[in-house]
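For reference, the structure discussed in these notes is given below.
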Amino acid sequence: MTSTASEPSAAPLLDLQALVVAVRRRRRLWCSMALLGLLVGGVAAVLMPPPPAAVTKVLVAHKEDQPNDTGTLIRTDVALLGTTRIAGQALRSLKSTAKPEDFLQDYRGTGLTNNLLQIDVTGDSDAQAVSRAEALADAFIADHVRRMRETAQAEAKALLDQRDRMRDELTTVNKTIGDRSPGSDPKASASLESLFARRAELNSRISDFDQRAADARTGTPRLVAGTQIVDAPRAVRHSLPKAAVTNAGIGLALGLVLGLVLAAVGTVVADRPVLRREIAANLGASVIAELRRTRRRPAGPWQLRRTRAAYERLTVTLARTARGSAEPLSLLELGCARSTSVIALNAARALAAEGQVVVIDGLPGTDLADSRRTPDDPAVVSGERAAAVPAQVRRLGVGSVAPGTAWTDLRYLGSRTVLVVRAGYGSAAWLHTVARQLTDQRIPVIGVVLVDPDPRDRTDGTLWDRPNTAPRGPYERLAWQLGTGQPRTERLARQHGTGPSRTERPSMSAARGPGSDQEAR
């Protein structure tokens with residue numbers, strides 16, 4: 001059996017688009033880290049200048065030099081330079097009482113090519129660094145020459161020993177030939193011929209060993225002459241501006257990388273949705289408007305025209321929604337109390353043209369009370385005085401769904417609500433909590449106003465695969481109260497007796513009946 005319904009795609013383990021957007025929104029963090037790294041690098045170059053240093057270069061000749069050498073010989077020389085024998089010889093030439101183990105920390109060798117060795121040395125002053133570099137170069141050359149000579153002498157001695165053994169054998173052969181008397185015996189003649197051949201071979205080998213021993217001795221002067229200082233020791237001059245710029249650049253790069261890593265890790269750990277589709281999916285309501293975050297400084301002529309147009313469109317939408325139903329409307333904020341106050345006052349001013357409007361302030365702070373209002377603006381009363389507002393006066397509630405909210409008090413602000421949520425403020429778990437608590441209180445969410453969205457967000461914030469959770473007409477509201485407007489799973493639970501009964505529902509607050517001025521309870 002083939003199903004025509006499309007299966008929902010599995011959610012990715014890590015949404016790269018949301019991660020990039022969240023990291024970009026936290027640019028203050030990684031920009032601050034980059035700036036801090038820049039300052040630390042520059043200050044470190046000024047407060048911690050490098051010690052006096054000197055450098056020299058030594059040309060090292062090897063007997064085993066080959067054009068295709070991969071640098072094994074020069075790496076061996078670098079390793080030999082970093083031994084206590086070379087360090088001790090240099091310290092003895094300097095008549096210093098320092099320990100060779102400590103002196104090893106003050107210099108290093110670098111193989112530039114297969115035969116060129118660079119020695120970098122530090123000291124307490126430029127003169128001391130130069131003298132140390134010269135002593136190290138002389139000690140290394142002396143050690144290298146000594147090793148080359150010892151190797152040549154050992155090779156020549158081995159060849160001469162082999163030659164002496166050949167000479168001893170030649171003497172024996174010559175004596176054997178001299179003891180033989182000439183005769184006509186064929187066998188004696190053949191033996192004598194073999195002795196003559198052996199003598200000729202021994203003479204040839206003795207000459208060869210003499211030549212090889214001479215070559216071994218001759219090659220040593222060439223290696224000794226080829227190993228020399230080609231760049232005299234000199235002090236290394238340090239430029240403070242160049243060092244400051246270099247260190248500042250390194251600090252900037254490291255700070256930027258560290259800031260990006262911290263922002264990415266914090267984003268993954270916090271799990272705060274920033275995209276429209278994520279916020280809409282977690283709240284179970286569509287995004288109906290996007291607004292920039294209202295700053296505490298007064299708006300000036302530099303305010304963007306599209307921002308003012310967005311506020312005006314939202315005001316018209318909220319006013320039309322409030323006029324279309326007799327039920328009170330509320331605005332519930334999450335992380336944007338000041339923006340919500342501005343939206344509420346704009347909507348109240350639009351509704352005040354048709355009748356008296358009272359704004360019920362249920363915000364935990366004083367953002368609405370401290371907002372700039374004119375004498376003609378609608379009255380603002382606190383939540384404690386909401387019961388004293390006459391029934392014929394239109395209400396517009398303003399509250400909060402931040403952590404610590406008294407959920408049972410939200411119905412006194414309005415039986416329908418519009419959530420004003422700042423992008424990236426609440427975690428996914430808290431958005432789920434808000435949606436669940438509003439559903440338990442039977443407060444349908446008309447839509448979500450997204451404050452401070454990402455300007456590059458191209459995701460869709462409209463829900464297409466969920467039931468309508470925002471009843472707007474009187475019959476839809478009645479269907480919601482009777483349970484037909486609820487999701488199918490909850491209606492089935494009621495039919496089978498597993499869901500809460502009608503007598504277990506919390507009592508509904510008084511609401512004005514549609515189309516009349518009397519209260520229906």
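The values are calculated or read from the model by the stated rules, or taken from the named source; none is laboratory data. In this text the structure is predicted, and so the values were computed from the model without any measurement. Please note: Cβ atoms are built from the backbone with ideal geometry, for glycine as well, and neighbour counts cover all protein chains shown. Ligands, DNA and RNA are excluded from the accessible area calculation, which covers all protein heavy atoms including side chains. Shrake-Rupley method; radii C 1.70, N 1.55, O 1.52, S 1.80 Å.
Conditions (1) free of Cβ contacts under 8 Å to residues at least 60 places away in the same chain; (2) open to solvent by 70 Å² or more (accessible area, probe 1.4 Å), marked per residue:
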site	(1), (2)
D179	yes, yes
A197	yes, no
E201	yes, yes
T218	yes, yes
L223	no, no
Q. When you look at R411, is it open to solvent by 20 Å² or more (accessible area, probe 1.4 Å), assigned to a helix (DSSP H, G or I) and either polar (S, T, N, Q) or at pLDDT 80 or above (or both), yes or no?
A. yes
Q. Right, A391: part of a helix (DSSP H, G or I), of a type in the set (A, V, I, L, M) and farther than 20 Å from V445 by Cβ or not?
A. no
Q. Given the residues L331, L318, L351, which is the only one that is assigned to a strand (DSSP E or B), under 20 Å from S415 (Cα atoms) and touching a residue at least 40 places away in the same chain (Cβ under 8 Å)?
A. L331
Q) Are any residues in the range 413-437 free of Cβ contacts under 8 Å to residues at least 60 places away in the same chain and within 28 Å of A388 (Cβ to Cβ), and if so, which ones? A) Q437
Q. Pick from the range 50-99 the residues that are charged (D, E, K, R) and modelled with pLDDT of 90 or more: which of them is most open to solvent (accessible area, probe 1.4 Å)?
A. K95
Q: Tell me which of these G424 doesn't satisfy, since it passes every other one: (1) of a type outside the set (F, W, Y); (2) surrounded by 16 or more Cβ atoms within 10 Å (Cβ to Cβ); (3) at negative phi; (4) in a loop (DSSP other than H, G, I, E, B).
A: (3)
(Q) Just the residues that are free of Cβ contacts under 8 Å to residues at least 12 places away in the same chain and either part of a strand (DSSP E or B) or hydrophobic (A, V, I, L, M, F, W, C) (or both), please, taken from the range 35-78. (A) V43, L47, M48
Q. Just one of the numbered conditions (1) modelled with pLDDT of 90 or more; (2) open to solvent by 50 Å² or more (accessible area, probe 1.4 Å); (3) of a type in the set (A, V, I, L, M) is not true of L304; which one?
A. (1)
